[in-house]
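Comments concern the structure below.
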Amino acid sequence: MNTVSASLQSAAGRHGAGSWLGRGFVASGRGIVLTGLILAEAAMLCALSVAVMSAALGFGLLLIPGIVLAGRALASTTRHLAGQWCDVPIGIPYLRPPPGEGNRAGFWRRYQWLLNDPATWRDLLWMIVDCAAGWLLTLAPAALIGWGLFGLLMPAYESPIVHAGGGSWYAFIHVTGQWTAWLSVPLGAAFAATGLWAGPRLLGAYGRLAHWLLAPPRRAQLAERVRHLARARSVAVQTGAAEIRRIERDLHDGAQARLVAMGMTLDAADQLLDDDPVAARALLAEARDSSAKALAELRDLVRGIHPPVLADRGLADAVRALALDCPLRVHVSADLPARPEPPVESAAYFAVSELLANITKHAGARQAWIDLWHERGVLRVGVRDDGRGGADPSRGSGLAGIERRLAAFDGFLALSSPPGGPTVATLEVPCALSSPKTSTS
């Protein structure tokens, strides 16, 4: 499912969702945009009707596939906006297209693919319902706000109307003079407030209506879920094997080599102990230094596998420790009433560590903000900076590794990083909070 946009919206809300007034105006503006999309759907339905009626003439048959694909583009835009604006993510339900061929057989195969895909007919049904009733949900908030503003401004333009010999009705108020015009003001304020209050709610209802008709069928969702889990399991197995090889290599080239060298140094010191005590003491001092270095390397290795602060104090305090070690100014806010499961904690910790490393190396940022919270069975971590932006998982920088790490837990990374910044990354991992947290600092 396409939950990225919704996650970014949720992360942005953690940094200040604004007042109900601002949310109402934003929702009404988005409703107007969706109404424009409905008008485009109406035009597409008209074009499709003309193509179907002219199919007997031949050229209509040639137009239908292009119009259907245009309808798919409109439906896909609705799915995208439902996730981004309505917080209702909708998956892509379409069957895979046949291999592209330029001959007539390829054309008819593509024609059959479009007509045999159940999602094509669901898109068509959605556009009919959207044009018939969807606009009521999208346009009502803006209409109420506009009607409310009309009442609020009634005293300003009532006088020219009355002096011209006319009258005006505002809802149930007959405006015949200044006094009745001022009666329209509280009623207009009520209309505008109702529109602002209803905007986010009607937008959510529109998203749920779109989900009902545009989402993949339950069977298709389960099949896609199985494929996703199979891919995630494969990635997890490969990542685990690579991690074991890395640990083996670090032990072999680091601590093990030092311990072998220390054993040889001790053997040499034992042979020189009677004949040359001074040289033996020097070799013992060298062995002591080697043991200290080997111990430090083992501690670093253990810290890379599972940091002690994470095991002892939990995710929130471990992230605060990361923030203290970061050369940037990092603000950490945590709302975790209990601790996630240890594997999830570890995945989230190393993901945050990698994000902070990327910010330090590539973003040119001065500050960063980290939010950790748990809601509706999902651990969410938001990381934001004031850097130059332009981060792209396809260009490396550790972001692809974070995605692979989270995929093992059916989680994902949502990233928004336009050129010029800011960069907002949101990690989501489904999990339950288990043991109580050990620190409230």
- Task: Kindly provide the set of residues from the stretch 379-391 that are buried (at least 18 other Cβ atoms within 10 Å of the Cβ) and under 18 Å from the mean Cα position of the chain (by Cα), ordered by number.
- Result: 379, 380, 381, 382, 383, 384, 385, 389, 391
- Restrict the check to the stretch 379-387 and report whether at least one residue is among the charged types (D, E, K, R), more than 16 Å from residue 417 (Cβ to Cβ), in contact with a helix residue (DSSP H, G or I) (Cβ under 9 Å, 6 or more places away or on another chain) and not in a helix (DSSP H, G or I). yes
- Name, by its number, the condition in (1) under 19 Å from residue 135 (Cβ atoms); (2) modelled with pLDDT of 90 or more that does not hold for residue 76. (1)
- Message: Condition (residue is at pLDDT below 75, part of a loop (DSSP other than H, G, I, E, B) and in contact with a helix residue (DSSP H, G or I) (Cβ under 9 Å, 6 or more places away or on another chain)) applied to the stretch 422-437: is it met by at least one residue?
- Response: yes
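Find the helices (runs of 4 or more DSSP H) located wholly in the stretch 107-225 whose residues include 2 or more that are in contact with a helix residue (DSSP H, G or I) (Cβ under 6 Å, 6 or more places away or on another chain) and modelled with pLDDT of 85 or more, and list them.
Helices (runs of 4 or more DSSP H) meeting the threshold: 118-129, 135-152, 178-214.
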- With the first residue restricted to the stretch 111-123 and required to be surrounded by 12 or more Cβ atoms within 10 Å (Cβ to Cβ), and the second required to be modelled with pLDDT under 80 and not small (Gly, Ala, Ser), Cβ contacts under 7 Å at 6 or more apart or on different chains are 113/95; 113/97; 113/98; 117/95
- Filtering the stretch 1-44 down to residues that are of a type in the set (A, V, I, L, M, F, W, C), part of a helix (DSSP H, G or I) and modelled with pLDDT under 50 yields 4, 6, 8, 11, 12
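So, residue 408, is that one under 15 Å from the mean Cα position of the chain (by Cα) and at pLDDT 75 or above or not? Walk me through it before giving the result.
On the way: under 15 Å from the mean Cα position of the chain (by Cα): no; at pLDDT 75 or above: yes.
In short, no.
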- Query: If the Cβ limit is 6 Å and pairs must be 6+ apart or interchain, which residue in the stretch 39-65 that is assigned by TED's automatic domain parsing to the domain that holds residue 108 pairs with which residue that is among the acidic types (Asp, Glu) and surrounded by 15 or more Cβ atoms within 10 Å (Cβ to Cβ)?
  - Reply: 41/130
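The values are calculated or read from the model by the stated rules, or taken from the named source; none is laboratory data. Since the model is a prediction, treat every value here as computed from it, not as a measurement. Cβ sites come from the backbone with ideal geometry, for glycine too, and all protein chains shown count toward neighbours.
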